[in-house]
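A.B. asks: Here you go, one structure.
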Amino acid sequence: MKDKLIEIIKEAGVILKDGYYSKKDVSFKAKKDLVTKYDVAVENFLKEKFEKEFSDFNVIAEESDNTNKVFSNSIIVDPIDGTTNFVNKLPHTAISVGVYKNKKPFIGIVYNPILDELYTAVVGEGAFCNGEKIEVSDENDFQKSLLSTGFPYTSGTCEDDLNDVIEKIKKILPKCQDIRRLGSAALDLCYVARGVYEGYYEMNLKAWDVSAGLIILQEAGGKVSNIDGNEYVLFENKYIVASNNKIHNELIKNLNQ
Ligand code: IPD
Ligand code: CA
Ligand code: CA
Ligand code: CA
């Protein structure tokens with residue numbers, strides 16, 4: 001299944017890449033939540049191919065699906081993760097596809113066609129970038145850890161969420177090396193998997209933002225949890241916390257201070 005998925009996702013990557021270098025009309029789903037015809041085109045392409053090739057899987061995808069549950073067999077698709085980057089030509093944007101079999105993580109693929117980075121993982125077989133094995137960083141000193149986060153779209157309309165973002169940064173920033181906000185949750189998780197970041201946290205993500213990245217990160221030796229340190233459940237938890245494993249407890253402790 002993995003090879004067929006990669007073949008289809010690479011074809012979809014051509015649509016993303018063409019769009020990236022074209023002039024785009026932007027629509028707003030909400031105050032900060034953008035969508036373009038390319039999000040829809042990539043999604044339609046993937047949905048059609050996946051439904052034909054993998055008919056025993058339900059395809060759940062951002063632009064056409066408001067389902068908030070994982071079926072027994074699901075392919076959870078974000079056609080363009082990092083749409084704001086895509087629109088502004090910041091090359092941190094990717095297609096994300098997570099496959100769940102009997103409700104359990106099975107395959108994760110994140111593809112950035114602009115930088116030509118293909119992250120892949122099958123549960124139990126390790127994680128790879130362009131075919132090379134990747135692993136999380138060895139750093140276990142929180143003060144030396146580079147973290148990443150994201151700002152929820154709701155920070156434009158919901159004061160509680162905005163305050164929560166600010167409070168968490170106040171707690172974490174003095175204690176770590178620094179914090180990045182690059183604008184693609186799927187790639188943020190892959191960057192922890194690759195050892196670029198030691199940790200990552202974000203609130204209000206949807207299943208398609210993280211369905212693939214969390215599989216890739218876990219296969220690279222990382223850890224994913226909710227903000228209590230317990231199992232992160234797709235569609236359910238407000239916060240995702242991810243790390244190289246070594247700083248996980250400290251990250252959780254600092255986020256909850
Ligand atoms: C967004 C990105 C971003 C995160 C947002 C997501 P989209 O996805 O992953 O990094 O901060 O919360 O919604 O809308 O570009 O697919
Ligand atoms: Ca979106
Ligand atoms: Ca997304
Ligand atoms: Ca998206």
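A.B. asks: For residue 72, indicate whether it is small (Gly, Ala, Ser) and either modelled with pLDDT of 95 or more or more than 14 Å from ligand 2 (Cβ to nearest atom) (or both).
C.D. replies: Against the criterion (small (Gly, Ala, Ser) and either modelled with pLDDT of 95 or more or more than 14 Å from ligand 2 (Cβ to nearest atom) (or both)), residue 72 qualifies.
A.B. asks: Right, next: Can you name the residue in the range 84-100 that is of a type in the set (Val, Ile, Thr) and buried (at least 24 other Cβ atoms within 10 Å of the Cβ) and, of all such residues, is nearest to ligand 2 (Cβ to nearest atom)?
C.D. replies: Among those residues, the one meeting the criterion is 93.
A.B. asks: Can you pull out the helices (runs of 4 or more DSSP H) entirely within the range 125-228 that have at least 2 residues that are touching an Asp or Glu at 6+ places or on another chain (Cβ under 8 Å)?
C.D. replies: Correct list: 185-193, 207-210, 213-219.
Matching residues to (1) more than 13 Å from ligand 3 (Cβ to nearest atom); (2) more than 13 Å from residue 96 (Cα to Cα); (3) not β-branched (Val, Ile, Thr); (4) not in a helix (DSSP H, G or I):
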{"site": "35", "(1), (2), (3), (4)": "no, yes, no, yes"}
{"site": "43", "(1), (2), (3), (4)": "no, no, yes, no"}
{"site": "51", "(1), (2), (3), (4)": "yes, yes, yes, no"}
{"site": "55", "(1), (2), (3), (4)": "yes, yes, yes, yes"}
{"site": "68", "(1), (2), (3), (4)": "yes, yes, yes, yes"}
{"site": "76", "(1), (2), (3), (4)": "no, no, no, yes"}
{"site": "84", "(1), (2), (3), (4)": "no, yes, no, no"}
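A.B. asks: In addition: Could you check residue 64 against (1) assigned to a loop (DSSP other than H, G, I, E, B); (2) within 29 Å of residue 195 (Cβ to Cβ); (3) within 16 Å of ligand 1 (Cβ to nearest atom); (4) of a type in the set (Gly, Ala, Ser) and say which number it fails?
C.D. replies: (2)
A.B. asks: Cβ-Cβ under 8 Å, sequence separation 6+ or interchain: first residue in the range 150-178 and assigned by TED's automatic domain parsing to the domain that holds residue 227 and closer than 18 Å to residue 29 by Cα, partner of a type in the set (S, T, N, Q) and in a loop (DSSP other than H, G, I, E, B). Which pairs?
C.D. replies: These pairs meet every condition: 152/204; 153/204; 154/204.
The values are calculated or read from the model by the stated rules, or taken from the named source; none is laboratory data. Note that this is a predicted model, so its numbers are computed, not measured. Backbone-built Cβ (ideal geometry, glycine too); neighbour counts: all protein chains shown.
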